[in-house]
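So the structure is just underneath, and the comments pick up after that.
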Amino acid sequence: GWPIGRAYSLPSGALQARLKLEVKRIKHIPVSVFAGQKDPMRFGSRAVHAEITAQGGKSSYVEFPRTRHVATAGSIWRNGTYVAWLFKQNRKNNPKPPPDPYPMGIYDD
């Protein structure tokens with residue numbers, strides 16, 4: 001989901017710039033993003049997915065209907081397709097991203 005800033009918000013301004021930098025580092029890694037339709041964190045999850053695909057990365061987004069945050073995890077782990085995909089991922093196929101240019105956060109000087 002949304003790894004930077006407030007979890008319940010859409011990125012804007014400096015946070016949007018940071019999201020672009022983060023995605024630039026990880027866009028070579030396939031990502032599956034899951035959210036519940038009633039999860040207040042879904043906005044950030046959508047933003048991450050949109051930025052990954054905008055930069056040419058591989059991202060899938062699944063939003064479970066009528067589901068909140070915790071129930072979403074149960075929906076994922078009960079689905080063999082999602083679990084199988086997760087365990088197929090490895091460093092051989094998905095190399096480690098380059099170092100974070102802002103390891104202490106976006107507000108580094």
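Throughout, read-outs are computed from the coordinates displayed, never taken from laboratory work. Note that this is a predicted model, so its numbers are computed, not measured. Reconstructed Cβ throughout: ideal geometry from the backbone, glycine too, with neighbour counts over all protein chains shown.
Given the alternatives [x] 14.0; [y] 15.2; [z] 14.9, Kirkwood radius over Cα pairs in Å as computed for this entry is given by [z]. Anyone know which of G80, G57, G36 comes out most mobile in the 10 Å Cα GNM of the chain? Evaluated over the chain, the most mobile residue of the options is G80. Springs between Cα atoms under 10 Å define the GNM used for the chain, and in it the highest mean-square fluctuation of K88, K27, K96 occurs at K88.
Restricting to Cα pairs below 8 Å that are 6+ residues apart, what does the relative contact order work out to for the chain? Please round to a whole percent.
So the answer I get is 29 percent.
Between Y102 and K24, the contour length at 0.36 nm per residue exceeds the alpha carbon distance by 26.8 nm.
With the cut-off at 21 Å, tell me which of the pairs K24/K58; K27/K92; K24/K92; K38/K58 have Cα atoms farther apart than that.
K38/K58, as the Cα separations exceed 21 Å there.
Ranking P40, V83, Q55 by Cα position along the charge dipole of the range 14-109, where only Lys, Arg, Asp and Glu carry charges on their C-beta atoms, puts V83 farthest toward the positive end.
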